[in-house]
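What follows is one structure encoded as structure tokens, with my remarks underneath.
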Amino acid sequence: MILGTIAVQAQTEKPADAKVIAEFRGSAPKINALVHTKLEVKFDYAKRHLIGKEWVTLKPYAYATDSLTLDAKGMDIRNVSLVNGKALQTLKYAYDEEFLKIQLGKKFQPGEVYTIYIDYTAKPDELKVKGSAAITDAKGLYFINPDSTVAGKPVQIWTQGETEASSAWFPTIDKPNQKTTAEISITAPAKYVTLSNGKLVSQVKNTNGTRTDTWKMDLPHSPYLFMMAVGNFKVYRDKWKEKEVSYYLEPAYAPYAKQIFGTTPEMIDFYSKTLGIDYPWNKYSQIVVRDYVSGAMENTTATLHGAYVQRTPREMLDENFGQAESTIAHELFHQWFGDYVTAESWSNLTVNESFANYSEVLWAEHKYGKDAADAHDYEDRSQYLGSPKDALKNLVRYHYADKEEVFDLVSYQKGGRILHMMRNYLGDKVFFKGLNIYLKQNAFKNGEAQQLRLAMEEASGQDLNWFFDQWYFNAGHPKVTIDYAWDEASKTQKITLKQIQPGYVFTLPMAIDIYAGGSKKRYQVTFNDAEQSFSFASPAKPDLVNIDAEKVLLWEKEDHKPMSDYAVQYAKAPLFVDRLEAIEAAGKNQKTPEGSKVLLSALNDKYYSLRMLALDSIDIENPELMKTAMPVIQKMAASDPSTVVQAKAISVIGLSKNAADLQLFNKGLESRSYAVQAGSLMALAAQQGPEALAAAKKLEKDHKKDLTQAIITVYAKFGSGAELPFVTEGFSQLGTQDQVSLIPAYLYMLTKVEDINELKKVVDIVKELGLKYKQYGINAFVADNLTQLKGPKQNDAAAIQYLDKAIAELK
């Protein structure tokens, strides 16, 4: 599962009941163990129901039992029987819409296999369930546009099992520490394609216009990893070695399947070699669906992606690794960490999600180089460090109010950075050997952090309790101050480090590089006290002391070194984060010779995001620096290898509002890059509103993402009510974060219309967005913007009444 975030300040959440949080959340007890699950399902599209038959085979785990409890959410149960050869023995049961409690009629001994037959109907749309930050809904089975009422939107069915929502579409023991083989027969309209776990073993055409596809999963996996999808998909077939690798897309995007998913076989090969275990399943499919409730989901052999992965080549021009491709890498790695070996409990989600998160860095490093990997690592590190509430949570979390809470920046971003530190400390050979041991020891079973520790200890020969105690079973991270003192008489460089976070003192092995006299010398030290000093002999005062020279530590640091040292760091230290820190320091000191030199150099940095950071850091009110920088920025706007850097350079140039630049902007409007077109349109609008409005009209015929936002912004400022239908349509096509950022402009469009029905339509759209993401504080953000709209509408009583009603609902 990929974690999505919304960058709007969340309101303080209501604290959970202390008794609930105090409850220990361990692994679910195994009374009965799943062995095999056979399903036959068909659909009532009108009612949005699944009509199912199930044969579930189980065995008592450790003790004899005469009862069985299955998770089964909101179903109609018609028959529950024990399979006795070819006969069915009706069983007594009790059902409360959540649990199906069955009396087996006899006591079965540990390991004694039995099969239960269940005839049922699943009614997912009638469930009252809630999701999480990662998974925004939990009804398990989704009917998309089943009555074809939304023009242009495909009719689809798909499932989402994590965390425990598979039991919304078939009765099961819906816990991650259960594993079962499976066979799923799906009956659907013959015009549609189906996908499920494992291998397609048969297809039978029926006389009523339907077809029954049977998918077989011969290897055991957890119930939350079961999946189905049904719809009008085009299938592109690729392969890795002799295993099928396939991509399921809407027909309009099928021509781009190779560009969207084409790195997948190479990823499978890389991860197989890195882990020393070949991809363990018989196929790997990826499918893209509409209205998905998360980013993506690692169903065994069949990953399901949200629609944002479906892009045209034009859209891909502006992308970097950290977008769709990182998700593809993340979900693939789960086929080992999550599917092959599954977290024993949600408390140990780290052994699924932290690994998948870190796999993104591994792939970036392999495919695109160390700068790309370090940039991705730094972004995830910053996301975690930017969320103070997450510093209060353990990585392995046995106490929580709701299992959905563990899908957060700690299990994902922090956990990934912890693995990065472990890899650095142990070295690549030992680290990956440890992963191999962990996977082999727990194959097709379950794992937890302690088993990971034991595997790493076996690989390294070291006791790693200290590492796991502070990073896995403790909360927070170090906050450190760094001070320097040079003693000329003794030719000694002293460094003083202080951990200023309250409570726990961390043990931090690190490298320190001393740059002096044209050479560099590395020292390995361990910082493990609240305050600690290190002294190093040097023939001359160092030009730079680079603490945590490998830039792996998860900490907040206050580094008291001068700009002159940062200038050396940019010029001499090799890593992405070295250069980033120097650019950030230069942005605060750009009127110094060293600061301006770093910024000018960074405009030509080899990595695109650092060029963008330099553009962001230069103050256009600094005439001396801009005089030297502008020719470089003009060149970047015209020909930088990265289209997003071109767009950023155009935006910077646009701030000057110089008529001489209009030719550049008009040329940018003709670019194939949506980002360049968007930057050019906004730069043009800053000088020539009517011309920008006319240009926006021409760009309407082909717009995506950045360009859509730019057109909406221009229409809001310079357009009329006539553009509102386009704005509404464009708004609906954007991702959630982009929608949130455009709410002020979207609502400002309502000042240009008098039709109360148009106002109600737009207000309902943004209100729904606010309520859906209330946990992030979006409701308050929407309410504030609706309140501002009341001013221009003060003479419209009906509008004011509707706005007040919406504001009250949001609050």
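Test of understanding: among ALA614, ALA567, which residue is among the small types (Gly, Ala, Ser), closer than 18 Å to LYS648 by Cβ, in a helix (DSSP H, G or I) and touching an Asp or Glu at 6+ places or on another chain (Cβ under 8 Å)?
Criteria check complete, one pass: ALA614.
Please give the number of the condition HIS399 fails out of (1) under 24 Å from VAL480 (Cβ atoms); (2) open to solvent by 20 Å² or more (accessible area, probe 1.4 Å).
Of the numbered conditions (1) under 24 Å from VAL480 (Cβ atoms); (2) open to solvent by 20 Å² or more (accessible area, probe 1.4 Å), the odd one out for HIS399 is (1).
Mind listing whichever residues of region 434-459 are surrounded by fewer than 18 Cβ atoms within 10 Å (Cβ to Cβ) and part of a helix (DSSP H, G or I)?
Across region 434-459, the qualifying residues are ASN436, LYS440, GLN441, GLN450, LEU454, GLU457, GLU458.
Only one of ILE51, ILE6, ILE21 is in contact with a Ser or Thr (Cβ under 9 Å, 6 or more places away or on another chain) and modelled with pLDDT under 95. Can you tell me which?
ILE6 is the lone residue from the list that is in contact with a Ser or Thr (Cβ under 9 Å, 6 or more places away or on another chain) and modelled with pLDDT under 95.
Name the pairs: first residue in region 82-102 and farther than 19 Å from ASN32 by Cα and without any contact (Cβ under 8 Å) to a residue 40 or more places away in the chain, second residue of a type in the set (Ser, Thr, Tyr) and surrounded by 14 or more Cβ atoms within 10 Å (Cβ to Cβ), Cβ to Cβ under 7 Å, at least 6 apart or on different chains?
Hits for this filter: LEU88/SER81; LEU88/TYR117; GLN89/SER81; THR90/SER81.
Identify all residues within region 138-153 that are part of a loop (DSSP other than H, G, I, E, B) and touching a Pro at 6+ places or on another chain (Cβ under 8 Å); write none if there are none.
Matches in region 138-153: LYS139, GLY140, ASN145.
Would region 542-552 turn up any residue that is touching a Leu at 6+ places or on another chain (Cβ under 9 Å) and open to solvent by 40 Å² or more (accessible area, probe 1.4 Å)?
yes
All but one of (1) closer than 19 Å to PRO744 by Cβ; (2) crowded, with 21+ Cβ neighbours inside 10 Å; (3) in contact with a Phe, Trp or Tyr (Cβ under 8 Å, 6 or more places away or on another chain) hold for LEU684; which doesn't?
For LEU684, the failing item is (1).
Can you confirm whether region 711-732 contains a residue that is within 35 Å of the chain's Cα centre (by Cα), under 25 Å from VAL309 (Cβ atoms), open to solvent by 40 Å² or more (accessible area, probe 1.4 Å) and touching a residue at least 40 places away in the same chain (Cβ under 8 Å)?
No, that holds for no residue.
List, please: which pairs have Cβ atoms under 7 Å, are six or more places apart or on different chains, and start with a residue in region 416-429 that is within 17 Å of PHE337 (Cα to Cα) and end with one that is open to solvent by 10 Å² or more (accessible area, probe 1.4 Å) and not in a helix (DSSP H, G or I)?
HIS420/VAL552
Looking at region 766-779, can you tell me whether even one residue there is within 27 Å of ALA685 (Cα to Cα) and open to solvent by 50 Å² or more (accessible area, probe 1.4 Å)?
No, every residue in region 766-779 fails to be within 27 Å of ALA685 (Cα to Cα) and open to solvent by 50 Å² or more (accessible area, probe 1.4 Å).
Search region 521-541 for residues that are under 26 Å from PRO478 (Cα atoms) and pair each with any residue that is small (Gly, Ala, Ser) and surrounded by 12 or more Cβ atoms within 10 Å (Cβ to Cβ) when their beta-carbon atoms are under 6 Å apart and the residues are at least 6 apart or on different chains.
ARG522/ALA511; GLN524/ALA511
Do any strands (runs of 3 or more DSSP E) entirely within region 216-281 hold 3 or more residues that are open to solvent by 20 Å² or more (accessible area, probe 1.4 Å), of a type in the set (Lys, Arg) and under 30 Å from LEU39 (Cα atoms), and if so, which?
234-240
Looking only at region 792-811, count every residue that is open to solvent by 40 Å² or more (accessible area, probe 1.4 Å) and not in a helix (DSSP H, G or I) and tell me the total.
Looking only at that region, the number is 5.
Out of all the residues in region 248-267, which are under 21 Å from ASN320 (Cα atoms) and touching a residue at least 24 places away in the same chain (Cβ under 8 Å)?
Hits for region 248-267 are TYR253, TYR256, GLN259, ILE260, PHE261, GLY262, THR263, THR264, PRO265, GLU266, MET267.
Among the listed residues LEU141, LEU104, identify the single one that is within 20 Å of TRP55 (Cβ to Cβ), within 26 Å of the chain's Cα centre (by Cα) and surrounded by 14 or more Cβ atoms within 10 Å (Cβ to Cβ).
LEU141 is the lone residue from the list that is within 20 Å of TRP55 (Cβ to Cβ), within 26 Å of the chain's Cα centre (by Cα) and surrounded by 14 or more Cβ atoms within 10 Å (Cβ to Cβ).
From the set of residues in region 74-106 that are touching a Lys or Arg at 6+ places or on another chain (Cβ under 7 Å) and of a type in the set (Gly, Ala, Ser), which is farthest from LYS59 (Cα to Cα)?
Looking at the filtered set, the residue picked out is GLY74.
Which residues, counting only those in region 582-610, are among the β-branched types (Val, Ile, Thr) and surrounded by fewer than 20 Cβ atoms within 10 Å (Cβ to Cβ)?
Answer for region 582-610, where residues must be among the β-branched types (Val, Ile, Thr) and surrounded by fewer than 20 Cβ atoms within 10 Å (Cβ to Cβ): just THR592.
Being surrounded by 24 or more Cβ atoms within 10 Å (Cβ to Cβ), under 30 Å from SER67 (Cβ atoms) and polar (S, T, N, Q): is that true of SER166 here?
yes
Could you list, in sequence order, all residues of region 188-213 that are of a type in the set (Val, Ile, Thr), more than 30 Å from ASN32 (Cα to Cα) and more than 29 Å from the chain's Cα centre (by Cα)?
Across region 188-213, the qualifying residues are VAL204, THR207, THR210, THR212.
Of all residues in region 780-791, which are open to solvent by less than 60 Å² (accessible area, probe 1.4 Å) and farther than 14 Å from ILE756 by Cα?
ALA780, VAL782, ALA783, ASN785, LEU786, GLY791
Where the second residue is modelled with pLDDT under 95 and among the aliphatic types (A, V, I, L, M) and the first is farther than 29 Å from LYS59 by Cα and lies in region 176-204, which pairs have Cβ atoms under 7 Å and are six or more apart or on separate chains?
none
Quick check on region 362-379: of everything there that is crowded, with 21+ Cβ neighbours inside 10 Å and over 24 Å from SER272 (Cβ atoms), which residue is nearest to the chain's Cα centre (by Cα)?
ALA375
Tally up the residues in region 634-645 that are open to solvent by less than 30 Å² (accessible area, probe 1.4 Å), part of a helix (DSSP H, G or I) and either among the polar types (S, T, N, Q) or more than 10 Å from TYR608 (Cα to Cα) (or both), please.
The total comes to 3.
Identify, please: which residue in region 289-333 is surrounded by 21 or more Cβ atoms within 10 Å (Cβ to Cβ) and without any contact (Cβ under 8 Å) to a residue 40 or more places away in the chain and is, among those, farthest from the chain's Cα centre (by Cα)?
If we take residues in region 289-333 being surrounded by 21 or more Cβ atoms within 10 Å (Cβ to Cβ) and without any contact (Cβ under 8 Å) to a residue 40 or more places away in the chain, then THR303 is farthest from the chain's Cα centre (by Cα).
The values are calculated or read from the model by the stated rules, or taken from the named source; none is laboratory data. Worth saying up front: this structure is predicted, and the values here are computed from it rather than measured. Please note: Cβ atoms are built from the backbone with ideal geometry, for glycine as well, and neighbour counts cover all protein chains shown. Quick note on the areas: whole protein, heavy atoms, side chains included, nothing else; ligands and nucleic acids left out. Shrake-Rupley method; radii C 1.70, N 1.55, O 1.52, S 1.80 Å.
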